[in-house]
Every structure is written in structure tokens, then in C-alpha cells.
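This report refers to the structure that appears directly beneath it.
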Amino acid sequence: MTSTQAAAPPPWSPSNPWADLQGALCVITGAGGGLGRGIVRMMVDVGASVLATDVDPAALQELRSEIASDRLHTQQVDVTDAADFAACEERVRAIGLPLALWVNNAGVILRKPAEGVTDADWDRVFDINARSVLVGSQAAYRVFTQQGRGGSIVNLASVVAWKTMEGRVLYGTSKAAVVQLTRQLAVEWGRHGIRVNAIAPGIVLTPISHLWNASDDERQATIDQTPLRRLGEIDDIARGVLMLASGLTGYVTGQTLVIDGGLTLG
């Protein structure tokens, strides 16, 4: 019996590790926030073109001011709106470059005790943090399969998918859904050359972090619990996305890369 298997990716070269991203397009949702901006900047820096999306047009304007590149495209997208995602998918096709990477980064944190969570709270958080990951991934799937060359999807999860914290019942459960969704999509779409992975950041100092406005003592307490003895930085996460998007991890799928300085080891 003759076996059949999918084609292997092009050879990876250490002299140009990001070759598969250069001349290609990356889509990043939630690009106006701290992590999103860092991921956009990282992709532009290695030579990729980027379609940066966000619900806030002012944030996209700031992004264009910060990153002056003709390889940066922007589009307003509400990830809870199917019509916006459809328009984004059409924009990808209109740009005309092969799609290499889709990053589902948009997310929201609602800190609330479990007994106070309402149906509206649940729907809002899961629409943004979980359902939009599926809808965005479906858009990426259609483009990847149409162009016949596969690609990479990276979903932003969180260590709170495993590590419990008070007031994070919605955030934690929605991010746990992202971890399992990542595994499921990897199994179903691997035959098309589509790799699906996730990143679970630890505590990264961004405006939505609970430590953004914290006292020095509060920050130090978290640092002391982290084996690497520092808080995460945006570039720590952006480099993880870059690695999962590149040929460096061409045989990796369905995995969640924890980037937390060892916080969850204790």
C-alpha cells in the first residue's frame, strides 16, 4: 500500500529565518492595544505586510502614526460583528498578498466576583474572547484553503486558563475555551497545512493589566512569585507569536506556548 502525506514546508534557513513571512500578509485583531501593537511592530520589522484591525479607529490612527510603513494596512473591525469579519476577509483578498498568519488577539477582561456575573456579562466576554477566535479562524481557513498553501493561526489565551485568580471567572473560562478550540482546530485543519497554536501570557505590563496602576509593593510581590524575577514585556509575547508563525515551528500545531517567566510553576 502506498502512503500519502501532506507536502513538507519549504526548507528553513538560519540565514533568513523569517523568509516565509516576507512578501506575505499577517492579520492581527485587537491591534490597537498594547500586545496587538507589539505584534504588529514585530511583524513589520521582519518584513511582513500586516492588516491591523481594531474596533477603535483612533487606536488604528495612532498605530499608523507610530509605524510608518507602506506594508501596514488597517481596518476597523468589531470582532463581535460577523459583517465586519466578512469585510476583513474581503480586504485580505483585495490586498493581494498570500496570507501567512492570522492572530486572534482581540480580548476583554471583566473583573467581577462569580456571584455577580450576569447573562449579559457572560455573552459579552465569550463573544469577544472565544467566539471571535472561531469566527476569525474560519475566515483564515477560507483564505488559506483557497490559496492552497496553508498557513499559521495564533490565538491569544492566558495562564488564567489554568491559574485561578479572584474575579477572573469570566476571563479564565473564556481563555480555557480558547486553549481547547486551538487543539480542536489543529486536528481538523492540519490536513490543509494549517497550523493552529496559542500563546498563554503571564502577567505582562500593559494598560489592561491589574498591575498597570499598582503600587511598587504590589508589583514587587508579583515579581517575587516569578522565577525569572521580572514582569513580562510586550516583546516577550510578540517574539512568541513570531516563532509560532515561522518555519522554526513548522511541525508544531495544537500547542499552547506559556510565556510567563515561570509564574505557573509554583
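The values are calculated or read from the model by the stated rules, or taken from the named source; none is laboratory data. These figures come from a predicted structure and were not determined experimentally. A quick note on method: Cβ atoms are made from the backbone with ideal geometry, for glycine too, and the neighbour counts reach across all protein chains shown.
Pick from segment 180-204 the residues that are assigned to a loop (DSSP other than H, G, I, E, B) and at pLDDT below 95: which of them is farthest from Gly148 (Cα to Cα)?
Residue satisfying both the conditions and the ranking: Ile203.
For segment 115-124, indicate whether the set of residues that are of a type in the set (Asp, Glu) and either modelled with pLDDT under 95 or assigned to a loop (DSSP other than H, G, I, E, B) (or both) is non-empty.
no
Go through segment 142-159 and report how many residues are surrounded by 24 or more Cβ atoms within 10 Å (Cβ to Cβ) and either modelled with pLDDT under 95 or among the hydroxyl-bearing types (Ser, Thr, Tyr) (or both).
Qualifying residue count, segment 142-159: 2.
Among the residues of segment 127-179, count how many are closer than 27 Å to Pro98 by Cα, among the basic types (Lys, Arg) and in a helix (DSSP H, G or I).
Of the residues in segment 127-179, 2 are closer than 27 Å to Pro98 by Cα, among the basic types (Lys, Arg) and in a helix (DSSP H, G or I).
Those residues that are under 17 Å from Ala106 (Cβ atoms), without any contact (Cβ under 8 Å) to a residue 40 or more places away in the chain, assigned to a helix (DSSP H, G or I) and not charged (D, E, K, R), I need them from segment 30-71; list them, please.
Within segment 30-71, Val40, Pro57, Ala58, Ala59, Leu60, Leu63 qualify.
Would you say Thr74 is among the polar types (S, T, N, Q), touching a Lys or Arg at 6+ places or on another chain (Cβ under 8 Å), modelled with pLDDT of 95 or more and not in a helix (DSSP H, G or I)?
Taking the combined requirement at face value, the residue satisfies it.
With respect to Val196, determine if the residue is hydrophobic (A, V, I, L, M, F, W, C), surrounded by 15 or more Cβ atoms within 10 Å (Cβ to Cβ), touching a residue at least 40 places away in the same chain (Cβ under 8 Å) and closer than 21 Å to Gly34 by Cβ.
no
Which members of segment 237-254 meet the condition of being within 13 Å of the chain's Cα centre (by Cα) and either closer than 16 Å to Ile203 by Cα or not small (Gly, Ala, Ser) (or both)?
Ile237, Ala238, Arg239, Gly240, Val241, Leu242, Met243, Leu244
Run down Ala48, Ala68, Ala6 and say which single residue is more than 22 Å from Ser132 (Cα to Cα), crowded, with 20+ Cβ neighbours inside 10 Å and small (Gly, Ala, Ser).
Only one candidate qualifies: Ala48.
Report every pair of residues separated by at least 6 positions or lying on different chains whose Cβ atoms are under 6 Å apart, first residue within segment 132-160 and farther than 20 Å from Tyr171 by Cα, second of a type in the set (Asp, Glu).
The qualifying pairs are Ala139/Glu89.
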